[in-house]
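Working notes for the structure below.
The values are calculated or read from the model by the stated rules, or taken from the named source; none is laboratory data. These figures come from a predicted structure and were not determined experimentally. As a convention, Cβ positions derive from the backbone with ideal geometry for all residues, glycine included, and neighbour counts pool all protein chains shown. Quick note on the areas: whole protein, heavy atoms, side chains included, nothing else; ligands and nucleic acids left out. Shrake-Rupley method; radii C 1.70, N 1.55, O 1.52, S 1.80 Å.
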Amino acid sequence: MYDAILFDLDGTLLELDNELFVKSYFGAMAPKLAPWYPKGEFMPIIIAATEAMMQARGDRGLLCDVFREAYDQRSSVPFAALEPVYTDFYRNEFEAVRALSRPLPLAREVLKQAAAITRRIALATIPIFPRIAIDARLAWGNLLDFPFTLITSFENMHTSKPNPTYFLEIAHRLGVAPGACLMVGNDYRDDMSASAAGMETFLVLDGALNAHLAHQHPPTYTGSLAELHEFLRQIRPS
């Protein structure tokens with residue numbers, strides 16, 4: 001039995017090709033930011049600021065603060081001046097990226113099975129995006145109305161996957177012991193690193209990523225999304 005179950009989003013509850021997503025994401029953003037970065041100078045700035053979040057150890061504030069600091073170190077325009085532009089992008093142009101995604105009907109059934117085990121269900125998506133961008137992707141997967149106890153984003157987390165501290169922070173926020181948690185995801189690196197925090201893990205094999213790193217954090221369980229559904233069904237209280 002688990003006191004909390006954590007779910008990755010992209011590639012787990014939502015079908016989304018990460019490589020194509022990144023290309024389309026920057027492609028949709030370029031015209032929006034052209035008045036300030038006519039030659040696409042924003043891309044290396046965002047990439048560097050994102051890497052700063054990925055490397056954060058939790059001692060520099062929330063990830064949004066880490067992002068803003070790294071952004072401002074490289075940009076001639078401070079992030080605060082452009083934040084409304086980015087927010088408007090996520091409300092409008094970001095929708096163009098939706099064509100690369102596909103909702104997974106079984107995802108909601110999996111979440112229902114998990115909710116029958118525990119009321120503490122966390123969306124442990126990589127927290128390098130603002131909440132507005134995560135809500136958009138939840139909408140793409142027809143999951144925006146699911147009552148997650150916690151949704152990680154760069155506004156509420158101090159570290160990111162694959163840092164084990166990220167999972168410890170989630171467990172603390174949920175008020176549970178890491179050893180009583182199950183992390184579900186499709187990435188051997190980002191998701192299975194939860195085992196280093198003491199959590200059990202379930203690797204969703206549908207579109208599994210970074211298989212060459214499987215030896216670093218071997219998953220506790222593996223299977224398709226359908227097999228995950230059956231796994232949760234079997235352990236739910238009668």
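Structure data summary
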item	result
Those lysines that a straight Cα-Cα span of less than 20 Å connects to LYS32, excepting residues fewer than 8 apart in one chain	LYS23
Rounded, prolate or oblate (a/c below 1.5 giving rounded, otherwise prolate when a/b exceeds b/c) for the range 50-146 by Cα gyration tensor	oblate
Between helix 131-140 and the chain: long-axis angle, C-alpha atoms, 0 to 90°, nearest 10	60
Overall form of the range 1-60 per C-alpha gyration tensor (a/c, 1.5; a/b vs b/c)	oblate
Under 18 Å from LYS161, Cα to Cα: lysines that are on another chain or at least 8 residues apart	none
Listed values [x] 28, 21, 19; [y] 26, 21, 18; [z] 31, 19, 16, entry calculated as semi-axes √(5λ) of the Cα gyration tensor in Å	[z]
Solvent-accessible surface ranking, highest first, for TYR221, TYR25 at 1.4 angstrom	TYR221, TYR25
Charge context of ASP206, other residues only, Cβ under 11 angstrom, K/R +1, D/E -1	-2
Over the chain, relative contact order from alpha-carbon pairs under 8 Å, at least 6 apart, %	27
Sequence ranges 61-71, 176-186, ranked by mean other-Cβ count within 10 angstrom, highest first	176-186, 61-71
Centre separation in Å (Cα based) which lies between the range 70-101 and the range 31-56	9
